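The values are calculated or read from the model by the stated rules, or taken from the named source; none is laboratory data. Predicted, not measured: the structure shown is a model, and the values here were computed from it. Here the Cβ is made from the backbone with ideal geometry for all residues, glycine too, and neighbour counts use every protein chain on show.
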Amino acid sequence: MGAAHVVIFPLPIQGPVNCMLKLSQLILSKSEAAISITFLTTDFIHGRLSNHSKAVPHFAEMEPNNFRFETVSDGLGPDDNPRGAYQLADMTCFLEDQAQTQGSKLRQVLCYGSSEFEFKKRVSCIIADGFFGFMVDVAKDLTIPVVYFETISPSGLWTYLCVPNMIAAADLPFQGNNLDATVTSVPGMEAYLRRRDLPSFCRTYNPKTAIIQLVLKQALNFPRAQGHILNTFDELEGDYFPHLRHLCPNLYNIGPLHLHLKCRMKHKMTNNLFSSSLWEEDRMCLNWLDEQPQNSVIFVSIGSLAVITREQLMEIWFGLVNSKVRFLWVQRPNSIMNDSNGVTEGQDLVVPNEVIEGTKERGCIVSWAPQEEVLSHKAIGGFLTHSGWNSTLESIVEGVPMICWPFFVDQQVNSRLVNEVWKIGLDMKDKCDRVVIEKMIKELMENQRDMFLLKANEWAELATKAVSEDGSSYNSLNRLIEDIRFIRFSIPL
Ligand code: UDX
C-alpha cells in the first residue's frame, strides 16, 4: 500500500460514481505518487457495478495493492426498491447519521479504510461528494483533512451556495408566480438568471424542506473544506467563478474528467477504459448507428434519476416521430411515472400506430446505452438531454449541440448556460409539447445547425487543450495529486 491513503466517497448515484471511479484511475495512473485508495460506496451500487460494468474486475486486476472497494448500507432497504430521485435526501440523512455514530462501519471506513483489522490503515485524506455537507464535521472529529468533489456543475453549485443570500434578499421563497422574473442575488449571473433557471428545489414556498436544509448545510461548510475538485475546465467558466474562488481559493478544475482519463491513458499498453454503468448496456444500438448517415440522429436520454409521466413520454415520442429526424432513445427501466406517482413499465402504454410505424422507420429504443460511445459516433447530430452535468460535459467534448429538458437540481441552471452563455443548444425547460419538440429538433438538426456546430466545436477544442499536457486541467490534476501525496492539507476547523 502507498504512503498516502485516500477514502473516496461519492453520492451513490450514476453520475458521481462515474466521476469518482475516473478520478481514482487518474490518481493511480501516477504510480510514482504511491497513493492507495479505498472507494466507499453502498452495497446496492457495488452490486450494480459488479453485475453490469467492468469496474470491479478492472481494479482487482490492475490495482490489487492500491485500490479496494468498501461498502455500507444506504438505509433504503432491499435491492428492488428503485432508489429514485425523491429518495436522495433520505439516503443522505441516513449516511450522515451513520458517519456520526461511534463504531459504525461507515465511520471506521472513513477513519481506517476498513472495519476489518487486516485491512486497516489510517486514512490521510477523505475525498467526499460535495453534497455531503456533514462530512467536514465528521472529518474534524476524526482529525482527517477533507476535500470535496463537487460532482454537480460549478454553475449549479454557485446557485446552491447563494441560497442563504437569496433567502436574505427575499428572492426565496418566490413572491408570486412569475418564473420569468430575474434573480439578482446570485453574483455574476445577474445578466441571464431567471427564477425558472434556479435549481428545482427553489420552487417551493417552504424553505424548510429536507433538500433545502441539506443545501444550507453544504453552503455553510463549503469554505471549511481543504479544497474542492470540480469537473470542469477554466476556459468554460464564467463571470460567477471568481466569486466561488473567493469563498474557497483552493479549487481544482480537472475536467472534463472522461476526456482527461482518455488522454492520460492514450500511451498505456493495456485498455484502461471501461464503463461503470449501473444498468446493462445495449451495445446493439452502436450497430444501428453504423447504418445511419453522418450527423443524422438525435440521441435522447434523461440520465439515471429523472422520471417522466406517460403524457410527457407520448409528447416526446410524437415530437420525435413528427420531426422526421432519426432518433436513438434511452427509455430507462423504472423511469415512467404512473398516476399514483409510482413507476410503471412501458408495456402499460397505449402507443398509436402512426408512432409505432414512425419509430420502426427511423427510431431505435434501448433501455441503457454506452452513452460516451454513442455521443462520439459520427451518426449523432444532436442530444435531447435532461442536462445532468456529466451528460452536458460528454456532449461538449464531442461537439454535439443539445436540446435541454431539465428535470431537477443543477439541471435547470445547466440548461440556461447551454443556451445563453455557451450558445450550443436550446433550452426547452418547463415545456413538453409535441409541437415545440418537433420545432426545436428541426432548429437544432437543420435550420440553426451551422451556428450551433461552430460554437460546439470551439468548446470541444478548448476542452481538449485543457486536458492535454500543460493545459489548465492537466496542471490542476498534477497539483491535486501532489497535494494528496505529500498530505499538504490540514484538519477542518
Ligand atoms: C445526477 C444529477 O441528476 C445531475 O444533475 C448532476 O449533475 C449529477 O448527478 P444523472 O441523472 O446521473 O445525474 O445524470 P448525468 O450527470 O448526466 O450522468 C449520467 C451518466 O450516465 C453519464 O455519465 C452518462 O454517460 C451515463 N449514461 C446515461 C449511460 O452510460 N447510458 C445511458 O443510457 C444514459
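From the list Ala85, Ala128, Ala89, Ala55, pick out the single residue that is under 18 Å from Ile35 (Cβ atoms) and within 22 Å of the chain's Cα centre (by Cα). Can you show your working first?
On the way: Ala85 fails: under 18 Å from Ile35 (Cβ atoms); Ala89 fails: under 18 Å from Ile35 (Cβ atoms); Ala55 fails: under 18 Å from Ile35 (Cβ atoms).
Only one candidate passes the filter, namely Ala128.
Would you point out which residue out of Leu426, Leu453 is more than 30 Å from Gly227 (Cβ to Cβ), away from the ligand (no atom under 16 Å from the Cβ) and within 22 Å of the chain's Cα centre (by Cα)?
Values: Leu453 fails: within 22 Å of the chain's Cα centre (by Cα).
Being more than 30 Å from Gly227 (Cβ to Cβ), away from the ligand (no atom under 16 Å from the Cβ) and within 22 Å of the chain's Cα centre (by Cα) holds for just one of Leu426, Leu453, which is Leu426.
Does any residue in region 445-456 that is modelled with pLDDT of 95 or more come within less than 6 Å, Cβ to Cβ, of a residue that is among the β-branched types (Val, Ile, Thr) six or more places away or on a different chain, and which pairs are these?
Pairs that qualify, where the first residue is modelled with pLDDT of 95 or more and the partner is among the β-branched types (Val, Ile, Thr), are Met445/Val325; Phe452/Ile424; Lys455/Ile424; Ala456/Ile424.
Give the residue, chosen from Ile424, Ile396, that is buried (at least 24 other Cβ atoms within 10 Å of the Cβ) and farther than 27 Å from Leu21 by Cα. Give the steps one after another, and end with the answer.
Working: Ile396 fails: farther than 27 Å from Leu21 by Cα.
After ruling out the rest, the residue left standing is Ile424.
Can we say Tyr160 is crowded, with 18+ Cβ neighbours inside 10 Å, aromatic (Phe, Trp, Tyr), in a helix (DSSP H, G or I) and within 16 Å of the ligand (Cβ to nearest atom)?
On the way: crowded, with 18+ Cβ neighbours inside 10 Å: yes; aromatic (Phe, Trp, Tyr): yes; in a helix (DSSP H, G or I): yes; within 16 Å of the ligand (Cβ to nearest atom): yes.
It is true that Tyr160 is crowded, with 18+ Cβ neighbours inside 10 Å, aromatic (Phe, Trp, Tyr), in a helix (DSSP H, G or I) and within 16 Å of the ligand (Cβ to nearest atom).
For Ser473, only one of the following conditions fails: (1) outside the structural domain of Leu236 (by TED's automatic domain parsing); (2) among the polar types (S, T, N, Q); (3) surrounded by 21 or more Cβ atoms within 10 Å (Cβ to Cβ). What is its number?
Condition (1) is where Ser473 drops out.
Are any residues in region 307-324 of a type in the set (S, T, N, Q) and farther than 11 Å from Ser335 by Cβ, and if so, which ones?
Pass one, region 307-324, residues of a type in the set (S, T, N, Q): 309, 312, 322-323.
Within region 307-324, Asn322, Ser323 meet the criteria.
Test Cys93 against the criterion of being surrounded by fewer than 16 Cβ atoms within 10 Å (Cβ to Cβ) and part of a helix (DSSP H, G or I), and give yes or no. Write out each step before concluding.
Details: surrounded by fewer than 16 Cβ atoms within 10 Å (Cβ to Cβ): yes; part of a helix (DSSP H, G or I): yes.
Against the criterion (surrounded by fewer than 16 Cβ atoms within 10 Å (Cβ to Cβ) and part of a helix (DSSP H, G or I)), Cys93 qualifies.
For residues in region 163-176 being hydrophobic (A, V, I, L, M, F, W, C) and part of a helix (DSSP H, G or I), which is surrounded by the most Cβ atoms within 10 Å (Cβ to Cβ)?
Step one: of region 163-176, the residues hydrophobic (A, V, I, L, M, F, W, C) are 163, 166-170, 172, 174.
Checking which are part of a helix (DSSP H, G or I) leaves us with 163, 166-168.
Details: Val163: 23, Met166: 21, Ile167: 15, Ala168: 11.
If we take residues in region 163-176 being hydrophobic (A, V, I, L, M, F, W, C) and part of a helix (DSSP H, G or I), then Val163 is surrounded by the most Cβ atoms within 10 Å (Cβ to Cβ).
Select from region 184-204 the residues that are among the aromatic types (Phe, Trp, Tyr) and either in contact with a Phe, Trp or Tyr (Cβ under 6 Å, 6 or more places away or on another chain) or part of a helix (DSSP H, G or I) (or both) and list them in ascending order. Break it down stepwise before answering.
Our first condition is that a residue be among the aromatic types (Phe, Trp, Tyr); within region 184-204, this holds for 192, 201.
Residue satisfying the conditions is Phe201 alone.
So which of Ser36, Ser115, Ser50 ends up being assigned to a loop (DSSP other than H, G, I, E, B) and among the hydroxyl-bearing types (Ser, Thr, Tyr)? Break it down into steps so the answer makes sense when it comes.
Numbers: Ser36 fails: assigned to a loop (DSSP other than H, G, I, E, B); Ser50 fails: assigned to a loop (DSSP other than H, G, I, E, B).
Being assigned to a loop (DSSP other than H, G, I, E, B) and among the hydroxyl-bearing types (Ser, Thr, Tyr) holds for just one of Ser36, Ser115, Ser50, which is Ser115.
Here's a check for you: in region 283-342, which residue that is among the hydroxyl-bearing types (Ser, Thr, Tyr), surrounded by 19 or more Cβ atoms within 10 Å (Cβ to Cβ) and in contact (Cβ under 8 Å) with a residue 40 or more places away in the chain is farthest from Ser367 (Cα to Cα)? Reasoning before the result, please.
Filtering region 283-342 down to residues among the hydroxyl-bearing types (Ser, Thr, Tyr) leaves 296, 301, 304, 309, 323, 335, 340.
Still in the list and also surrounded by 19 or more Cβ atoms within 10 Å (Cβ to Cβ): 301, 304, 323, 335.
Retained after the next criterion (residues that are in contact (Cβ under 8 Å) with a residue 40 or more places away in the chain): 301, 304, 323.
Working: Ser301: 10, Ser304: 11, Ser323: 22 Å.
Result: Ser323.
Does Asp74 fit the bill of being in the same structural domain as Gln213 (by TED's automatic domain parsing), outside any helix (DSSP H, G or I) and at pLDDT below 95?
Spelling it out, it is not the case that Asp74 is in the same structural domain as Gln213 (by TED's automatic domain parsing), outside any helix (DSSP H, G or I) and at pLDDT below 95.
What's the number of the condition His386 fails, among (1) touching a helix residue (DSSP H, G or I) at 6+ places or on another chain (Cβ under 7 Å); (2) more than 14 Å from Asp197 (Cα to Cα)?
(2)
Can you name the residue in region 329-346 that is part of a strand (DSSP E or B) and within 16 Å of the ligand (Cβ to nearest atom) and, of all such residues, is modelled with the lowest pLDDT? Write out each step before concluding.
Initially, region 329-346 is screened for residues part of a strand (DSSP E or B), giving 329-330, 336-337, 343-344.
Imposing the further condition that a residue be within 16 Å of the ligand (Cβ to nearest atom) reduces the set to 329-330, 336-337, 343.
Numbers: Trp329: 98, Val330: 98, Ile336: 90, Met337: 85, Val343: 55.
Across region 329-346, the extreme among qualifying residues is Val343.
Quick check on region 347-354. Is at least one of its residues within 25 Å of Glu446 (Cβ to Cβ), part of a helix (DSSP H, G or I) and more than 12 Å from the ligand (Cβ to nearest atom)?
Yes, the conditions are met somewhere in region 347-354.
Could you grab me the full set of residues in region 27-60 that are hydrophobic (A, V, I, L, M, F, W, C) and within 16 Å of the ligand (Cβ to nearest atom)?
From region 27-60, those hydrophobic (A, V, I, L, M, F, W, C) are 27-28, 33-35, 37, 39-40, 44-45, 49, 55-56, 59-60; that's our starting set.
Within region 27-60, Phe44, Ile45, Leu49, Ala55 qualify.
Has region 200-211 got at least one residue that is on the phi > 0 side of the Ramachandran plot and loosely packed, with under 15 Cβ neighbours inside 10 Å? Outline the logic, then answer.
Here is the first cut: in region 200-211, the ones on the phi > 0 side of the Ramachandran plot are none.
Looking for residues that are on the phi > 0 side of the Ramachandran plot and loosely packed, with under 15 Cβ neighbours inside 10 Å, one finds none in region 200-211, hence no.
Since Arg224 meets every condition but one in (1) within 16 Å of the ligand (Cβ to nearest atom); (2) more than 30 Å from Ser468 (Cα to Cα), which condition does it not meet?
Condition not satisfied by Arg224: (1).
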